[in-house]
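Nothing in this text is a laboratory measurement; each read-out follows from the coordinates by a stated rule. The structure displayed is predicted, hence computed values, not measured ones. Every residue, glycine as well, gets a Cβ built from its backbone with ideal geometry; the counts of neighbours run over all protein chains shown.
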Amino acid sequence: MTKNEKLKQWVSEMKKICTPDAVHWCDGSKDEYDRMLEIMLDAGIAMKLDESKRPNSFLFRSDPSDVARVEDRTYVASRKKEDVGPTNNWVEPKELKEKMLKLYNGCMKGRTMYVIPFSMGPIGSPISKIGIEMTDSPYVVANMHIMTRVGTKVLEALGADGEFIPCMHSVGKPLAQGETDNGKWPCAPIEQKYISHFPEENLIWSYGSGYGGNALLGKKCLALRIASVMAKREGWMAEHMLILRLTNPEGRKFHIAAAFPSACGKTNLAMLQPTIKGWKCECIGDDIAWMKIAPDGSLRAINPESGFFGVAPGTSYESNPMAMESIRKNTIFTNCLLTDDNDIWWEGIGVPCKHGVDWKGKEWTPESKEKGAHPNARFTAPARQCPVICPDWENPEGVPIDIFIFGGRRTSVVPLVTESFDWDHGVYLGATAASEATAAALDVKSKLRRDPFAMLPFCAYDMGDYWQHWFDMGDRLGKKAPKIFYVNWFRKDADGKWLWPGFGDNSRVLKWMCDRIEGKAECVETPIGRLPSKTSLDLSGVKVTGKDLEELLKVDVQAWKSELPEIEEFMNQFKDRLPERMKKQFAKMKKQLGG
Ligand code: GTP
Ligand code: SPV
Ligand code: MN
C-alpha cells in the first residue's frame, strides 16, 4: 500500500461514500492487466480477438450514449466564475460537490474500487506529475495501464508526503446483489454524467461515463485541464499537441509540436512516414505535450502519456502504417466492427469487409445503412509498440522544441501552410484557429467553430488569460522561442475531393518549415502571413496538379476579410481579459486585409 497519509485518508473517505464491495490497490503488473480483462470477459463486455491475428487484444462495445467526450457535461468549478471565462461551464464548487456526492453515494455497490497510482511523464522527470485515480471500472484500469505509467513504483516515488492529483471516477452503475453487467457496458444516462474539475484543489471528479477522455482521467482532465491551470500558475505549458522529431538528410534534428483539434490529424502526423528522400520522422507523443523552459533557455517537451488512444476509422496501412503496426498486439479496441474471423475492421482500414457485427452489436454488411465502426471508435496501444517511437521519447529532460504548428479542418479559405511573421502573430494564428466539427465530442454540432490552440474544450481558465500566458512565454523564451506555422491538410475542391494528398506527403510541408528555419526556402509575403513560393515546396513525385496547388496556396483576401467580424466577436467575449497584444494583432490583420 502506501505511507502517504493524505492518500490513505482520501481512499477511506471515498470508500465510505461509494461503498464498493472491495478495494484493490493497483500494482501495474501484467497479471493485474490480465485479471481485468478476465473480469470483463466474464461479464460479457469484452471480446477476445483471434490470438493468431491480433495477439492479446480485445474489443469493447460501449453504450451508444457513451461514445465520446461530453463537453456539455464537462465542468470547471473554480471559486470565482470569472476565472473560468466564457468558454467553460461553471458551477459553484460546493454546489457541484453536493450534487455529485448524491450520485457517488453508494455508486460502487457490487463493484470493486480500484486505486490506480499513475505518473504522467517518466517517473522522476522534473516535468512529470503523479495522479491517483479511483475507479470502479476494470476497463479504465486496463486502459490506464497502457496510457500511463501505473503501479507500485509510482507509490514509491510519491513517498510519505509527496503531492498527487486525486482523480475520482465511477461509471455510475451500482449492481444489485448477484447482478452482473451481463454484456452491457455500464454507464449512467447523459443527464447524470459529470466531468468535473476543481482547479484550486487540483481535484477531478468524474461520474457516469466509462469512455476515453471522460474516464481515463490522466488524459484530458489531468494532463490538459488541471495541468493548464498549474502550468499558468507555475510558468510552463500544457498543450493539446503531438511531438515529433524530424531529421533532415544532413542529420540536423528538428523537434515539432503541433496542436490540431480532436480528430484533426495529430496521431497521423506524429507517426508520419516522409515521402521525401533522406528525411526521417520519429514519434514522441500523439496528443499532449508538457513543456518547460530548461536552464539553457530552450523549451523542453515531454509526452506525459505512454500510449495512444487513437481514432480508428481512416487508419490504414496506406494512411498511417506506423499506427497499424502499433496495434498489431496488446491492444484494446472500442466500438470497432467485429469480423467473422474475430478481428477488427473499420471504415477506411484499406481492406474490404463482407460481413461482420457492427459497433452496436448488429449484423453488418457493406449494404448496411449504418457505419460498421463508430466514427469515434478508438484503439488503445502502448507507445513502445510504435516502430518509429523516438529513442528519446522517455527522456526525462524532454526534447527541445523548434517549431509549433497550429491547424484545423477547413474545406475552404485556409491555405496549406502559413508561416507567422513573428511570435505575436503566431499566437494570433493559434488563437483564431478554427475547425469543422468531428465525432470526437458528442455534443459539438456547429459546422465551424473557433478552437484556439485546439484547447477550447481543455483550457480550464479564462481563454484571454491563456493567450496572455502564451505572450509571456514568448517573452521569456526570446530568441529561443519556436517558430510558429499554421497548416490545413483538409482543403477540398468543388466535387468534395481532397486537394492535398496529406499523410506522408505532409512531410513536404514540414520540410519547408525546417528549410525556412535554416534560411534555405523562399516565401511570399501575404496579408495573412508567409506562404511557400511556387518552387520552394518540394513536390518531387507527388500527384498534385498545378491548378490544385494554386488553390492550396491561394490567399483569398475577400474570404479572409469576411471572417473578421466573427473573429472580432469571438475575441470580444473575453472582455477585459483579452490581451492588448491580441487586439494589436487583430488590428494589424484588419489593416493588412484592407478592412
Ligand atoms: P484525437 O485523438 O481526437 O485528438 O485526434 P487526432 O488529432 O490525433 O486525429 P487523427 O490523427 O486520429 O486523425 C483523425 C482523422 O483525420 C482520421 O480519420 C485520419 O485518417 C484523418 N487524417 C489525418 N491526417 C490527415 C491528412 O493529412 N489528410 C486527410 N485527408 N485526412 C487526415
Ligand atoms: C480527444 O478527443 O481529443 C481525444 C480523445 O484525444 S479523448 O481521450 O476521448 O478525449
Ligand atoms: Mn486529443
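Computed values, structure above
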item: In range of the label at Lys253: residues from the range 115-136 whose backbone nitrogen is under 17 Å from the point 7 Å along Cα→Cβ; result: 122
item: Rounded to 5, the percent of DSSP beta bridges in the chain classed as antiparallel; result: 70 percent
item: Sequence-distant residues sharing a close amide H with Phe254 (under 5 Å, placed H); result: Leu246, Thr247, Asn248
item: Cys459, Cys386 arranged by Cβ crowding within 10 Å, fewest neighbours leading; result: Cys386, Cys459
item: Environment charge of Glu518, counting only residues whose C-beta is closer than 13 Å and scoring Lys/Arg +1, Asp/Glu -1; result: +2
item: Full-stretch length increase - Lys543, Glu318 - with 0.36 nm per residue and alpha-carbon distance subtracted; result: 79.5 nm
item: Charge tally in the Cβ shell below 11 Å around Gly213, where Lys, Arg are +1 and Asp, Glu are -1, Gly213 excluded; result: +3
item: Hz values of 3J(HN,Hα) by residue in the range 262-272 - Karplus curve (6.51, -1.76, 1.60), Gly and Pro given as x; result: 3, 6, 10, x, 5, 4, 5, 5, 4, 10, 3
item: Per residue convex hull volume, Cα atoms of the range 478-583, in Å³; result: 155 Å³
item: Extended-chain gain in nm, criterion 0.36 nm per residue less alpha-carbon gap, Val351 and Glu201; result: 49.1 nm
item: Glu550 versus Asp576: modelled label distance in nm, points set 7 Å from Cα along the beta carbon direction; result: 5.3 nm
item: Distance between the range 269-308 and the range 57-91 - C-alpha centres, whole angstrom; result: 27 Å
item: Per-pair calculated FRET efficiency, R0 = 35 Å: Glu95 and Glu568 via Cβ, rounded to 0.05; result: 0.55
item: Length added when fully stretched, Asp392-Glu13, from 0.36 nm per residue minus Cα-Cα; result: 132.4 nm
item: Estimated FRET transfer efficiency when R0 is 25 angstrom, pair Lys102-Arg233 (beta carbons, to 0.05); result: 0.20
item: Pairwise centroid distance, computed over Cα atoms, of the range 539-595 with the range 237-258, Å; result: 25 Å
item: Label-point separation, Lys153 to Met1 (7 Å along Cα→Cβ), nm; result: 2.5 nm
item: Label-point separation, Asp475 to Gln177 (7 Å along Cα→Cβ), nm; result: 6.7 nm
item: Efficiency of FRET between Lys30 and Asp493 - r from beta-carbon atoms, R0 51 angstrom, step 0.05; result: 0.55
item: Residues Glu239, Glu95, Glu563 arranged by fewest to most Cβ contacts within 10 Å; result: Glu95, Glu563, Glu239
item: Ranked list, fewest to most other Cβ atoms within 10 Å of each Cβ, for Tyr211, Tyr104; result: Tyr104, Tyr211
item: Where N is the number of residues in the chain, Cα Rg divided by 2.2 N^0.38 Å; result: 0.94
item: Too-long pairs where the Cα-Cα distance tops 29 Å, listed order kept, from Lys371/Lys447; Lys193/Lys371; Lys153/Lys253; Lys97/Lys153; Lys129/Lys360; Lys253/Lys292; result: Lys153/Lys253; Lys97/Lys153; Lys129/Lys360
item: Magnitude of the charge dipole, the range 416-510, Cβ model with Lys/Arg +1 and Asp/Glu -1, debye to 20; result: 280 debye
